[in-house]
Amino acid sequence: MARRVVARAGEIEPGARKLVEVAGRAIVLFNIGGEFFALANRCPHKNGELCKGRITGLVSSPEPGVYDYTHQGEVIRCPWHGWEFHIRTGKSWCDPRTMNARAYDVKVEKGAMLVEGPYVAETFPVRVEDEYLVIEV
Amino acid sequence: MTSEVLHPSLDPASNRLCVIDCDIHPKDSIDDIKPYLAQRWIDYLATYGTRARHGFQSGFMYPKSQPQAARRDSWPPDGGLPASNLKFMQDQLLDFYDIEYGVLNFLSPTGQGVQNSDLSVAMAYACNEAHRDRWTGPDKRLKASIVVPYEDGAASAKEIARLAGMPDYAQVQLLSRMSELAGKKRYWPIYEAASELGLPVGIHVFGYSGWASTNGGWASFYIEEMAEHCTSCQALLTSLIVEGVFEQFPKLKVVLIEAGFAWLPALGYRLDKHWKKLRGEVPHLKRAPSEYIRDHVYVTTQPMEETEKPEHLLQIMDWVGWDKILFATDYPHWDFDDPRYAFPTTLTPERRRQVLSENARKLYGFA
């Protein structure tokens, strides 16, 4: 287990995503309104690449003919079979008991902190004045 | 922490995947088939277009869940529609999964089901010619289905006879939604030609029959259309059996493509039950209906039913017959199956090999 610096916070705009490779694992980073989340890039259903999916909301219905649209921008649909995963938790909508994308905790750290800490920086330089995304793998 | 999950190797004896994919959908355009169309038909298409047997001008019967019903990662980076570019198909499918052979089924354009019957014939001819240029010629792993103007049985038989024996073609292609049930005599010239010339008849789901998508009328949702293939293919297969097609053409082999197969045992049980009492109505049937299914019918896997308990799927496969099940990805469509993850892990290596490649190799005569 190591805490790894995986990206500059500023390079992922709100609503955007970025695929990174961390210690041999493909991980997708998401920015939802300034908050950062990370999911393994493998769909737990049949291994589609989640980073290539569409980000949507969640449509639900308390009864036929009535629709709620919630979690806008917080759901990623697999580009293959369309499974829906909550980006914040990795939980699938249809089968949250067994079918969940691996979620990683993302911390935003100041460059000044990272220069000293027990971190493994990836392939880019860390500058004191920037903010960085750090996940534990 | 979690440990790395390794990709399961499909063939423990070697590292080769050994996959034959029995349902790939390359995409052609009208421009691609023009070199083989007479100027009369090029002008016709530019002026009038094609007219399918349905009540709307263009578009799908139901909106698909993804654009072009395709995997969102299957759009070629250089532009064009999914599966329109051989190089990208090689990168993403054929080379990536080390596919030995791929059977190509064509959805549009094909001329199949086009209401102007002379145009239907001309387009089917042009497509079959263009498929050698575009697909089976450049990549010898690819084997095309022969598209036929199926509403015209005699013209279809002629087209089959013209191409049978060429190594580029693996089977004859029909769609599940034709103007009449598949067992009707108008289609018999197709079965006669195919069985005499040693080609299986692949029946792929979809098409435009002009009939409602369910036998109770038009459904509201795409999910209903997707599930409806079970019932419509039950009707289609029942027709093939009870009309006596398999009695008339004992060498005929039918491949049901993309129809699922968990409904097959139920149909067999039901038909056998009734046949014991109603046999006199269809005396041309010499055997129980389920025996024709077992002897003549192959199925492709994708999108096979996903049972809650994996052993139930294996029991169904056992009924269908381990020598009758053919692996398919359905590339580039959104409900694609990955050969590494499509089957329960409890499937034995021997049966896995049968389903992934050996059954198709035998059926289609691939080396």
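The table below lists the values:
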read-out: Relative contact order, percent, chain B [alpha-carbon distance under 8 Å, six or more residues apart]; value: 20 percent
read-out: Assigned charges on the beta-carbon of Lys, Arg, Asp, Glu; region A:3-136 dipole about Cα centre (debye); value: 460 debye
read-out: Near-label residues of region B:211-254 by backbone N, under 17 Å of a point 7 Å along Cα→Cβ of B:PHE60; value: B:213-214, B:219-230
read-out: Fraction of the pair-distance distribution of the protein assembly as shown above 35 Å, Cα-Cα pairs, percent; value: 41 percent
read-out: Peptide B:340-346 - average C-beta neighbours from other chains (10 Å radius); value: 1
read-out: For A:78-89, mean number of other protein chain Cβ atoms within 10 Å; value: 3
read-out: R0 of 41 Å, Cβ-Cβ distance B:ALA164-B:HIS312: FRET efficiency to nearest 0.05; value: 0.55
read-out: Residue-averaged 222 nm ellipticity for chain B, from DSSP H runs of 4+ at -39500 (n - 2.57), nearest 500; value: -9500 deg cm²/dmol
read-out: For region B:19-364, convex hull volume per residue from C-alpha positions, Å³; value: 135 Å³
read-out: Pairwise centroid distance, computed over Cα atoms, of region B:22-41 with region A:34-54, Å; value: 37 Å
read-out: Debye, to nearest 20: dipole size of the protein assembly as shown, +1 on Lys, Arg Cβ, -1 on Asp, Glu Cβ; value: 1000 debye
read-out: Equivalent ellipsoid semi-axes - Cα gyration tensor, region A:1-63, angstrom; value: 23, 17, 10
read-out: Partner lysines for A:LYS110 [C-alpha distance under 20 Å; skip if fewer than 8 residues away on the same chain]; value: A:LYS18
read-out: Of A:LYS107/B:LYS309; A:LYS46/B:LYS34; B:LYS87/B:LYS309; B:LYS184/B:LYS362; A:LYS46/B:LYS87; B:LYS286/B:LYS324, those spanning more than 32 Å from alpha-carbon to alpha-carbon; value: A:LYS107/B:LYS309; A:LYS46/B:LYS34; B:LYS87/B:LYS309
read-out: Computed [θ] at 222 nm, deg cm²/dmol, chain A (DSSP H ≥ 4; -39,500 (n - 2.57); rounded to nearest 500); value: -500 deg cm²/dmol
read-out: Chain B - charge dipole about Cα centre, Lys and Arg +1 at Cβ, Asp and Glu -1, debye rounded to 20; value: 980 debye
read-out: Part-to-part distance (alpha-carbon centres) for region B:186-222 and region B:260-333, which is given in Å; value: 17 Å
read-out: Candidates per trypsin sites (Lys or Arg not before Pro) in region A:80-110, loop by DSSP, up to 10 other Cβ within 10 Å; value: A:ARG97
read-out: Residues in region B:155-186 that a label on B:HIS284 would reach, taking backbone N under 16 Å of a point 7 Å out along Cα→Cβ; value: B:181-186
read-out: Euclidean distance between Cα centres, region B:146-174 to region B:55-109, Å; value: 23 Å
read-out: Share antiparallel - DSSP beta bridges, the protein assembly as shown, percent rounded to 5; value: 60 percent
read-out: Within 10 Å of each Cβ in B:165-172, the average number of Cβ atoms from other chains; value: 0
read-out: Which of A:GLY65, A:LEU39, B:GLN248, positive extreme of dipole for the protein assembly as shown (C-beta unit charges); value: B:GLN248
read-out: Semi-axis lengths (Å, descending) of the ellipsoid that matches the C-alpha gyration tensor of chain A; value: 30, 16, 11
read-out: Mean Cβ neighbour count within 10 Å, used as a protection proxy, ranking B:95-105, B:283-293 highest first; value: B:95-105, B:283-293
read-out: Mean separation of Cα contacts under 8 Å (6+ apart) over length of region A:3-136, as relative contact order %; value: 27 percent
read-out: Volume per residue that the Cα convex hull of region B:146-195 spans, once the total is divided by residue count, Å³; value: 67 Å³
read-out: Net charge of neighbours whose Cβ lies under 11 Å from the Cβ of B:GLY102, counting Lys and Arg as +1 and Asp and Glu as -1; value: -1
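Computed from the coordinates by the stated procedures, all read-outs in this text should not be read as laboratory data. Because the structure is a prediction, the values reported are computed rather than measured. Note: ideal-geometry Cβ built from the backbone for every residue, glycine included; neighbour counts use all protein chains shown.
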